[in-house]
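Novice: Handing you this structure, nothing more for now.
The values are calculated or read from the model by the stated rules, or taken from the named source; none is laboratory data. As the structure is a prediction and not an experimental result, all values here were calculated from the model. Every residue, glycine among them, receives a Cβ derived from its backbone with ideal geometry; neighbour counts consider all protein chains shown. To get the accessible areas, we keep the full protein, side chains included, count just its heavy atoms, and leave off ligands, DNA and RNA. Shrake-Rupley method; radii C 1.70, N 1.55, O 1.52, S 1.80 Å.
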Amino acid sequence: MTAAAIFIWAVVAVLAVFVWRRAGTAGVTGAGRDALGTGRMLAFRLPFALLAASFLVQVVPVAALSHVIGPASGLLGIVLAGLIGGLLPGGPMTSFPIAIVFLQGGAGIPQMVALIAGWSVFALHRMLAYEAPIMGWRFVGLRLASCAVLPVLAGLIAEAILLAFGLGDLQLL
């Protein structure tokens with residue numbers, strides 16, 4: 001069991017105690033029922049998302065992309081990865097498998113940090129479907145202008161951490 005899994009289970013145990021103290025057995029049972037429902041949904045969707053990402057490897061020239069957003073692409077690769085992240089469609093079931101495909105295809109870790117940050121900050125699909133109609137284009141413009149540098153900063157910070165701790169050859173997958 002990894003350290004992350006141990007940490008998650010410890011948090012679950014502490015939260016279960018809090019729920020039990022506040023709502024008793026019924027609260028713990030209700031939370032468990034909700035978790036199983038979410039688990040069923042993920043168990044159905046996640047394999048298809050991973051399969052779609054595997055098919056993406058066959059369609060998208062990932063090897064060519066690794067030159068653009070590979071470890072040696074530097075600041076330009078980080079900027080491009082942040083922009084690509086903002087254009088990724090859908091939620092985490094789509095975006096994270098795509099990021100895995102890019103990593104397996106030779107993308108750099110700082111570039112993938114920028115890609116995920118770009119997806120989190122920009123999310124064109126969310127901006128068009130929710131943010132602009134609800135908040136208006138002036139707000140969208142202000143938010144984009146004030147947040148534009150965040151994916152790039154995230155990628156640069158990731159690169160600095162990797163270099164500072166001698167993790168330049170770190171393999172995540």
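Novice: Mind checking which residues of the stretch 1-31 are open to solvent by 100 Å² or more (accessible area, probe 1.4 Å) and either outside any helix (DSSP H, G or I) or touching an Asp or Glu at 6+ places or on another chain (Cβ under 6 Å) (or both)?
Specialist: The initial filter retains those residues of the stretch 1-31 that are open to solvent by 100 Å² or more (accessible area, probe 1.4 Å), namely 1, 7, 9, 18, 20-22.
Within the stretch 1-31, 1 is the sole residue that qualifies.
Novice: Considering only the stretch 40-55, I want to know if a residue exists there that is buried (at least 18 other Cβ atoms within 10 Å of the Cβ), closer than 30 Å to residue 130 by Cα and not basic (Lys, Arg).
Specialist: The initial filter retains those residues of the stretch 40-55 that are buried (at least 18 other Cβ atoms within 10 Å of the Cβ), namely 49, 53.
Applying the additional criterion that residues be closer than 30 Å to residue 130 by Cα yields 49, 53.
Okay, now just the ones that are also not basic (Lys, Arg), so 49, 53.
Yes, the conditions are met somewhere in the stretch 40-55.
Novice: Would you pick out the residues in the stretch 118-131 that are hydrophobic (A, V, I, L, M, F, W, C) and either within 24 Å of residue 79 (Cα to Cα) or modelled with pLDDT of 95 or more (or both)?
Specialist: Step one: list which residues in the stretch 118-131 are hydrophobic (A, V, I, L, M, F, W, C), which gives 119, 121-124, 127-129.
Within the stretch 118-131, 119, 121, 122, 123, 124, 127, 128 meet the criteria.
Novice: Related question: Looking at this structure, is residue 51 in a helix (DSSP H, G or I), closer than 21 Å to residue 163 by Cβ and over 17 Å from the mean Cα position of the chain (by Cα)? First the steps, then the outcome.
Specialist: Values: in a helix (DSSP H, G or I): yes; closer than 21 Å to residue 163 by Cβ: no; over 17 Å from the mean Cα position of the chain (by Cα): yes.
No.
Novice: Listed residues 104, 111; which is open to solvent by less than 20 Å² (accessible area, probe 1.4 Å), out of contact with any Cys (no Cβ under 8 Å at 6 or more places or on another chain) and closer than 23 Å to residue 89 by Cβ? Let's see the steps before the verdict.
Specialist: Working: 104 fails: open to solvent by less than 20 Å² (accessible area, probe 1.4 Å).
None of the other options fit; the residue is 111.
Novice: Does at least one position in the stretch 35-46 carry a residue that is modelled with pLDDT under 90, out of contact with any Leu (no Cβ under 6 Å at 6 or more places or on another chain), farther than 23 Å from residue 156 by Cα and assigned to a loop (DSSP other than H, G, I, E, B)?
Specialist: No.
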